[in-house]
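Only one structure is covered here, and it is reproduced in the block below.
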Amino acid sequence: MPSGRAVMGPNPVIAAGIGVRLGRGYAVRAASFRLGAEPGRPVLGIQIGDPAEATAIVDLLAGVARPAYGELRVLGHDMATVRGRAAVRRRVGVARRTARSLPWLRVRGLVLHGARLARHGETDRQLLAAAILDELGLTPWADVPLRTVPEEVGRRARLAAAAAHQPELLLLDGLLDGLALREITGLATTIRALSRASGVVIVGCDSEALTLTCDEVLVLSDGVVVPAGR
């Protein structure tokens, strides 16, 4: 896959006492943590109890939302500033359990859309999309409408589209939740392959899936970080 991106530092996510709003309450309250990605780009997980809370955290890390309080830096950028969030949005890719994509697209079209965000020319986009479809085992599904594919294939297609953006940091919002063990295992292998090129943070509710896929899992309970071993 073409690269040419800046090398990501050892701590792509640094949070100091952050709060993340969700409705009238908080998905995260006064949480402090570091998520490192070097050496070897380990796959990192954040376990939380509710899918809406997972989405709120991914939106925060992706630069879609700002922290309610506290300090958060992602890829070296201050997420309390408009400029910082805009810079991060250009450097991350997001794959979600629930589709926010156009349902009438075919699988290839979704991946090409992701490749378009990488600002390549038309020929390079086609080559990049073909390579990612092949890498993620989606070539047989390339011309199938997204609305008709099995759930696991749809999630794999959204992962492929996010990877086609060629992000420095790949964020997965509940992508492993609610799948059978066989499907989780297949996606885990794919995610680990992608982690060779991008930092990966998976946010979700399924502890078994996160343990199977991630090198390190941060657990949030009632909005606060739970110490390891509890």
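The values are calculated or read from the model by the stated rules, or taken from the named source; none is laboratory data. Since the model is a prediction, treat every value here as computed from it, not as a measurement. Cβ coordinates were reconstructed from backbone atoms using ideal geometry, including for glycine residues, and neighbour counts include every protein chain displayed.
Within segment 206-223, not a single residue is crowded, with 24+ Cβ neighbours inside 10 Å, of a type outside the set (Ser, Thr, Tyr) and closer than 16 Å to Gly114 by Cα. Taking the criterion of being of a type in the set (A, V, I, L, M, F, W, C) and on the phi > 0 side of the Ramachandran plot, the only residue of segment 54-106 that qualifies is Leu75.
Name every residue in segment 158-197 that is farther than 13 Å from Ile132 by Cβ, touching a strand residue (DSSP E or B) at 6+ places or on another chain (Cβ under 7 Å) and in a loop (DSSP other than H, G, I, E, B), in order of residue number.
Within segment 158-197, the first condition is being farther than 13 Å from Ile132 by Cβ, and the residues that meet it are 168-169, 171-189, 191-192, 195-196.
Still in the running and touching a strand residue (DSSP E or B) at 6+ places or on another chain (Cβ under 7 Å): 168-169, 171-177, 191-192, 195.
Those that are farther than 13 Å from Ile132 by Cβ, touching a strand residue (DSSP E or B) at 6+ places or on another chain (Cβ under 7 Å) and in a loop (DSSP other than H, G, I, E, B): Glu168, Gly174, Leu175, Leu176, Asp177, Ser195.
Candidates are the residues of segment 117-151 that are surrounded by fewer than 16 Cβ atoms within 10 Å (Cβ to Cβ), of a type in the set (D, E, K, R) and part of a helix (DSSP H, G or I); the one that is farthest from the chain's Cα centre (by Cα) is Glu122.
Among residues of segment 193-216 that are over 19 Å from Ala52 (Cα atoms) and free of Cβ contacts under 8 Å to residues at least 60 places away in the same chain, those with a beta-carbon under 8 Å from a residue that is of a type in the set (Asp, Glu) and assigned to a helix (DSSP H, G or I) at least six positions away or on a different chain give the pairs Ala193/Glu135. Exactly one residue among Ala54, Ala68 is surrounded by 22 or more Cβ atoms within 10 Å (Cβ to Cβ), farther than 20 Å from Glu168 by Cβ and in contact with a strand residue (DSSP E or B) (Cβ under 7 Å, 6 or more places away or on another chain), and that residue is Ala54. The residue that is farthest from Phe33 (Cα to Cα), among those in segment 66-90 that are modelled with pLDDT of 90 or more and within 15 Å of the chain's Cα centre (by Cα), is Arg89. Given the criteria without any contact (Cβ under 8 Å) to a residue 60 or more places away in the chain, part of a helix (DSSP H, G or I) and surrounded by fewer than 18 Cβ atoms within 10 Å (Cβ to Cβ), does Ala86 qualify? Yes: the conditions hold for Ala86.
From the list Val111, Val107, which residue is touching a Phe, Trp or Tyr at 6+ places or on another chain (Cβ under 6 Å) and in contact (Cβ under 8 Å) with a residue 40 or more places away in the chain? Before the answer, list the steps.
Details: Val111 fails: touching a Phe, Trp or Tyr at 6+ places or on another chain (Cβ under 6 Å).
Just one listed residue meets the conditions, Val107.
To keep it simple, each residue is scored yes or no on (1) of a type in the set (Lys, Arg); (2) without any contact (Cβ under 8 Å) to a residue 12 or more places away in the chain; (3) touching a Lys or Arg at 6+ places or on another chain (Cβ under 8 Å).
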{"site": "Ala95", "(1), (2), (3)": "no, no, yes"}
{"site": "Thr123", "(1), (2), (3)": "no, yes, no"}
{"site": "Ala130", "(1), (2), (3)": "no, yes, no"}
{"site": "Pro140", "(1), (2), (3)": "no, yes, no"}
{"site": "Leu146", "(1), (2), (3)": "no, no, yes"}
{"site": "Arg155", "(1), (2), (3)": "yes, no, yes"}
{"site": "Asp177", "(1), (2), (3)": "no, no, yes"}
{"site": "Glu183", "(1), (2), (3)": "no, no, no"}
{"site": "Ala188", "(1), (2), (3)": "no, no, no"}
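Comparison of Ala52, Ala15 shows that the only residue that is part of a strand (DSSP E or B) and either at pLDDT 85 or above or of a type in the set (D, E, K, R) (or both) is Ala15. When residues in segment 18-41 are screened for being at pLDDT below 85 and touching a Ser or Thr at 6+ places or on another chain (Cβ under 8 Å), 1 of them pass.
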